[in-house]
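Let me begin by presenting the structure, written as structure tokens, before commenting on it.
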Amino acid sequence: MTQTTTKTVLVTGASSGIGEATARRLAADGHRVFLGARRTDRLEALVEEITKEGGSADFRRLDVTDAADVRAFVQAARAAFGRVDVLVNNAGVMPLSPLEALRTDEWDRMIDVNVRGVLHGIAAVLPMMREQGGGHVVNVASVGAHEVVPTAAVYCATKFAVRALSEGLRQESAGDIRVTLVSPGVTESELADHIGDAEAREAMKARRAVALPASAIADAIAYAVAQPPEVDVNEIVVRPAASA
Ligand code: NDP
């Protein structure tokens, strides 16, 4: 049986793709959602849509690469909704390229958003969740946290890191804070739109032919969030049925 208690759920990267679908799904499940990303026009429209449908939502501009900004985001959520039950660390970027292309600015960006961003989120909620006597951190990794494919070495390295951080956090906070790692396979979103390298863009086109709807990943997150407090769903991998 799943739990229907209303929770305050923070979602980073909620302006498109998986984050947006997760916000919709969790709001429809009756949770209060607090949304962050840099494109506030998108967040504003999403909050308006959720509110019109009877849900509870608010947003704040968020750049996850800035630790102080992430702290302010979490504090704003607590000010708006009274507490913070779940943080979904979803914001991510994937400008794929072969290592030999030396697109080092893009390597830095992936490390800043995909790894430092997640760490900033953990740092911002950990003291609050400890003080509240519990909480739940959901980290969105990737099948790239489990396997490496050509052009994706740095992206996969960041997602392997997210997987390691999730397991470390789980071990260190067992019985107090639940930790879930969600690893999507190829999913419809804007993630591949920012690939500048031609070889990587071509490789991604073929993979995207079988992409899942973002709602499939939102459903997996909603499942983990809905479990009773004694149940910690540690890891979910969701691939298109047609992927190898
Ligand atoms: P999208 O590009 O559609 O969404 C990415 C989100 O991250 C956007 O809302 C974007 O918002 C946000 N974001 C990027 N940089 C920052 C930043 N510095 N600060 C705050 N928010 C930021 O892609 P997806 O929905 O696919 O990506 C969501 C997660 O899913 C990522 O972690 C991705 O790695 C992972 N994933 C996706 C897969 C896929 O096939 N789609 C497969 C495996 C994993 P804004 O630009 O407005 O700031």
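Does the range 162-203 hold any residues that are part of a loop (DSSP other than H, G, I, E, B), of a type outside the set (A, V, I, L, M), surrounded by fewer than 18 Cβ atoms within 10 Å (Cβ to Cβ) and more than 16 Å from the ligand (Cβ to nearest atom), and which are they? Full working, then the answer.
So in the range 162-203, the residues part of a loop (DSSP other than H, G, I, E, B) come out as 173-176, 185-186, 188-190, 195-197.
Pick out the ones that are also of a type outside the set (A, V, I, L, M) and you get 173, 175-176, 185, 188-190, 196-197.
Now restrict to residues that are surrounded by fewer than 18 Cβ atoms within 10 Å (Cβ to Cβ): 175-176, 188, 190, 196-197.
Answer for the range 162-203, where residues must be part of a loop (DSSP other than H, G, I, E, B), of a type outside the set (A, V, I, L, M), surrounded by fewer than 18 Cβ atoms within 10 Å (Cβ to Cβ) and more than 16 Å from the ligand (Cβ to nearest atom): GLY175, ASP176, ASP197.
The residues in the range 6-18 that are more than 20 Å from GLN75 (Cβ to Cβ) and within 13 Å of the ligand (Cβ to nearest atom) can be counted, and the count is 4. It is to be established whether one or more residues within the range 21-33 are more than 15 Å from SER56 (Cβ to Cβ) and near the ligand (Cβ under 6 Å from one of its atoms). No, the range 21-33 contains no residue that is more than 15 Å from SER56 (Cβ to Cβ) and near the ligand (Cβ under 6 Å from one of its atoms).
Look at ARG207 and say whether it is part of a helix (DSSP H, G or I), away from the ligand (no atom under 11 Å from the Cβ) and surrounded by 14 or more Cβ atoms within 10 Å (Cβ to Cβ). Spelling it out, it is not the case that ARG207 is part of a helix (DSSP H, G or I), away from the ligand (no atom under 11 Å from the Cβ) and surrounded by 14 or more Cβ atoms within 10 Å (Cβ to Cβ). Taking the range 19-71 as the range and being surrounded by fewer than 17 Cβ atoms within 10 Å (Cβ to Cβ), of a type in the set (Gly, Ala, Ser) and within 28 Å of VAL115 (Cβ to Cβ) as the test, the residues that pass are ALA67, ALA68.
I'd like to know if the range 108-115 contains one or more residues that are more than 26 Å from VAL74 (Cβ to Cβ), surrounded by fewer than 24 Cβ atoms within 10 Å (Cβ to Cβ), within 13 Å of the ligand (Cβ to nearest atom) and in contact (Cβ under 8 Å) with a residue 24 or more places away in the chain.
The first filter runs over the range 108-115 and keeps only residues more than 26 Å from VAL74 (Cβ to Cβ), leaving none.
No: the range 108-115 contains no residue that is more than 26 Å from VAL74 (Cβ to Cβ), surrounded by fewer than 24 Cβ atoms within 10 Å (Cβ to Cβ), within 13 Å of the ligand (Cβ to nearest atom) and in contact (Cβ under 8 Å) with a residue 24 or more places away in the chain.
Within the range 80-95, at least one residue is closer than 20 Å to GLY134 by Cβ, within 12 Å of the ligand (Cβ to nearest atom) and touching a Gly at 6+ places or on another chain (Cβ under 8 Å). Restrict the check to the range 120-131 and report whether at least one residue is within 15 Å of VAL162 (Cα to Cα), in contact with a strand residue (DSSP E or B) (Cβ under 6 Å, 6 or more places away or on another chain) and more than 9 Å from the ligand (Cβ to nearest atom). Yes, the range 120-131 has at least one match.
Coordinate-derived values only; no laboratory data. Computed from a predicted model, the values in this text were never measured in an experiment. No Cβ is skipped: glycine too gets one built from the backbone with ideal geometry, and neighbour counts run over all protein chains shown.
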